[in-house]
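These notes are about the structure you will find just below.
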Amino acid sequence: MIPIRYVEPVFRPPSEAESLILPVTDGCSWNHCTFCEMYTAPQKKFRARDDAEIIDSLRLTGERYGDQIRRVFLADGDALVLPTRRLLTILEAIRTHLPAVRRISSYCLPRNLRKKAQSEIDELAAAGLSMVYVGAESGDDQVLTKVNKGETFISTCEALEKFGAAGISRSVMILNGLGGKVFSQQHAENSARLANAVQPEYLATLVVSFPKGEQRFRADFPEWEPLGQSELFVEMERFLSALELKRTVFRSDHASNWLVLKGTLGADKERLLAQVRQAIAAPEQVALRPEWARGL
């Protein structure tokens, strides 16, 4: 057993499947996004963990598995809410007790970088933080307000630009369908504008879904109407068409997506657009994910 205390449920990005999940906080410091169900369980109230517990967990893990662990993911929802001093202490402890680690990553809310100077982000990069996952959700300020994201196009851009300047890889996620029918066009176009502005190393799309129901979401967004399968493809076509990326790894392969898309933008832009346009024109001729496989 890994000598780390976990508070269930534990979340991590798909690409962190082989990483050691190291909780440095529990829950999410914002936790007001109406579309998000990840940290709503009663036991997931936000709290920062004590340095002593984190370092002790690293020491014990290192004694048992130190030469086997290559990647560490700092959990929970936004580890970078911690002061830079504390983050540097944790990163130093990872280097000390897990010397084989080659990648350290974390989720990040853009709001957490507002009070961090560029020099602090540079320090974190030098200490080993090499990748962040930012759920931008949308580049459209109206949509972000409707879903109570607590961010704007500008705040998200500023955070991503700080990471980019420090040489930290950025994985940005957009929620297909988040604006519903009313805001679909501006959601797609402004989300592409966000990606174009920051040129992230990685870009992914998921389809918005509500396994626990839509009541919380609709309380602030009563006019929201979900997009049908074809409408989701149309929104994706509009999003891809507006992208002007130089070298970004693109993935739309989460379980929520009907149509699996993978490529590098812009090299594969036309191929990806052709796949989406075929799905719009003749969905019966495209290998779509069956409904049962989209269970979340």
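The values are calculated or read from the model by the stated rules, or taken from the named source; none is laboratory data. Note that the structure is predicted; figures quoted are calculated from it, not measured. Backbone-built Cβ (ideal geometry, glycine too); neighbour counts: all protein chains shown.
Out of the residues in segment 242-285 that are in contact with a Phe, Trp or Tyr (Cβ under 9 Å, 6 or more places away or on another chain), assigned to a loop (DSSP other than H, G, I, E, B) and of a type outside the set (F, W, Y), which is surrounded by the fewest Cβ atoms within 10 Å (Cβ to Cβ)?
Filtering segment 242-285 for residues that are in contact with a Phe, Trp or Tyr (Cβ under 9 Å, 6 or more places away or on another chain), assigned to a loop (DSSP other than H, G, I, E, B) and of a type outside the set (F, W, Y), the one surrounded by the fewest Cβ atoms within 10 Å (Cβ to Cβ) comes out as D268.
Every residue in segment 102-126 that is in contact with a Leu (Cβ under 8 Å, 6 or more places away or on another chain) and free of Cβ contacts under 8 Å to residues at least 40 places away in the same chain, please.
Across segment 102-126, the qualifying residues are I104, S106, E123.
Might you check whether a residue that is surrounded by 21 or more Cβ atoms within 10 Å (Cβ to Cβ), assigned to a helix (DSSP H, G or I), at pLDDT 95 or above and among the small types (G, A, S) occurs anywhere in segment 194-215?
There is at least one residue in segment 194-215 that is surrounded by 21 or more Cβ atoms within 10 Å (Cβ to Cβ), assigned to a helix (DSSP H, G or I), at pLDDT 95 or above and among the small types (G, A, S).
Quick one: in segment 141-155, of everything that is under 17 Å from the mean Cα position of the chain (by Cα) and of a type outside the set (A, V, I, L, M, F, W, C), which residue is farthest from L113 (Cα to Cα)?
N148
Output the number of residues of segment 180-215 satisfying the condition of being small (G, A, S) and touching a residue at least 60 places away in the same chain (Cβ under 8 Å).
First pass over segment 180-215, keeping only residues small (G, A, S): 180, 184, 188, 191-192, 195, 197, 204, 209, 213.
With the extra rule that they be touching a residue at least 60 places away in the same chain (Cβ under 8 Å), the set shrinks to 209.
Looking only at that region, the number is 1.
Out of the residues in segment 8-30 meeting the condition of being assigned to a loop (DSSP other than H, G, I, E, B) and free of Cβ contacts under 8 Å to residues at least 60 places away in the same chain, tell me which one is nearest to G135 (Cα to Cα).
The qualifying residue nearest to G135 (Cα to Cα) is G27.
When only residues in segment 11-31 that are of a type outside the set (D, E, K, R) and surrounded by fewer than 12 Cβ atoms within 10 Å (Cβ to Cβ) count, which is nearest to V143 (Cα to Cα)?
P14
Being within 28 Å of S230 (Cα to Cα) and aliphatic (A, V, I, L, M) narrows it down to one of L175, L124, L88, L113, so name that one.
Residue meeting the stated conditions: L175.
Does segment 31-51 contain at least one residue that is under 21 Å from the mean Cα position of the chain (by Cα), in contact (Cβ under 8 Å) with a residue 12 or more places away in the chain and assigned to a helix (DSSP H, G or I)?
Scanning segment 31-51 turns up at least one residue that is under 21 Å from the mean Cα position of the chain (by Cα), in contact (Cβ under 8 Å) with a residue 12 or more places away in the chain and assigned to a helix (DSSP H, G or I).
Residues of segment 38-77 being of a type in the set (D, E) and buried (at least 17 other Cβ atoms within 10 Å of the Cβ), which ones?
D76, the sole residue that qualifies.
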